[in-house]
Structure formats: structure tokens, C-alpha cells
Amino acid sequence: MTRQAVHDFYNGIWFWVRGWRYLLGHRRLTAAAIMPILIATGAAVWLVWLLWTHLPAWVQILVSWMGLHPGWMQHILYYPILFSGALLALFGSVYTMYLSQSLIAVPFYSYLAERTLGQLGKKPDREQTWKEWTAHSLRIFKVSVIKFIVLMAVGIVLFVFSFVPVFNIFTLTAALMLVALDCMDYSLDALGLGLRARIAYYSGNLAQWLGMALGLGLTLLIPGLTLLIIPGAVVGAAMIVKNERV
């Protein structure tokens, strides 16, 4: 790994921390980040309540479906399945809630990326008119709907493979890389990069991408934190994006 790749990887790990530091120093951007956080918090509270209420019953149904009669064997399998099911539900719900709330938060994240890039001099710093902002938000919302469907389909495939030992490590990594890609995608869109240019960017900056995925993975150690840091992740992605093609 080259020195540049190591530097990109390190910047990727802490990208969301740098993004939140920048946000807290710019009140107008902080205000735009509050709404997605409220959406994520509400969704997280509802889903945690749903899982804690129904997961034990679902596991009991699964154990009974396996044909095990009540007894010591059923008790031995019940708690490991409950624990692993809770972990899979946690990772799966974080991924699903992220996609859902990011779909609603598209105009806010687009604004955060646009303004951050402008303030950092990575693109012309010009305030959009209300008409321009509305047209841009509608366009990126349409793209986000398609991306939501694609990522959900990929997420279902990853969820199925997550039950296979060893594969579950790769599926979790792939899911985190998809979230990192989505955070960076707002900046690449603001810079005017098309699909081919975006693919070239990710393939040419794999170390940065992996670092971002690792940084997001570390937030899983505190349940719910991943969803709350996303606005900072969008801003942090704008701070580390390379715009040499623009």
C-alpha cells in the first residue's frame, strides 16, 4: 500500500468525525442536519420497540418450525438463535432505516454537500435560488428512489448470505461500503460527475472507500449511532472528496 493510499484510508476512517466538527462550526449547516437526525431517531426508537416486542416470539416459532419438541435441546438452541437474530436484526434494521431516512433527507444532504464543497473552494460557491434548489432536489430525489430500490435488493441478498459462516463478515463489509458510497455520492453529484466518472472514482480510490466503511463500522459498537452521524458523514465526504477531474 502506497503512502497516499494509507493517507486516504486514514482520512476515510475519521471522515464523519471531521464532518461533524465542520458542521458544529457552521450554524446554518447544523440547522439543515437536525431534521434527518430527528427522522433517524424516531425510526430507531420505533424499530427497537418492534424488535424487543416480537423477536422472542419469532425465535420461538422458528425453533418450533425446526421440529424440536419442548425440552433441553430447544432451550439450548433458543438463546443462541435469539442472540444471533438480534445481531442480524440490528445490522439489517440499521441498513434499512438508513436507506429509508436518507430517502426523506435527500434535499437536506444534497444541500449539506453542495454548501460544504462551495465553502471549501472545491466548486463555485454560489447560493442557489429557490427554483434551482427545488429542481435539483426533485432530480436527485428521483435518482435516490432508483438507488433505494437497487440498494434494498442488494441488501436482501447480503442479508441472506449473512447467515452463512465467514460470508457474514464480507456481507457486513459490503453493506458498510454501500452506505459509505451513498454518503460520498452527494458530493460527486454536486461536482457534476456522471455514472462512469463515479465508478472510476470509487475504483481509483478504494483505500479511501474502505476507510470510510471501517469508520462507519466502528459506529455500530454504539446502537443507533450510525444513523445519527450520517449528516456529518455527508459533510465529511465532501471534505475528503478529490475533485481533480472537475
For 122, 242, what ranking results if the residue with the fewest other Cβ atoms within 10 Å of its Cβ goes first? 242, 122
For 225, 29, 24, what's the fewest-to-most ordering of other Cβ within 10 Å of each Cβ? 24, 225, 29
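Here, each number is a calculation from the coordinates, and none is a lab measurement. Everything numeric here is computed off the predicted structure, so don't read it as measured data. Don't worry about glycine lacking a Cβ; one is built from the backbone with ideal geometry, like all the others, and counts go over all protein chains shown.
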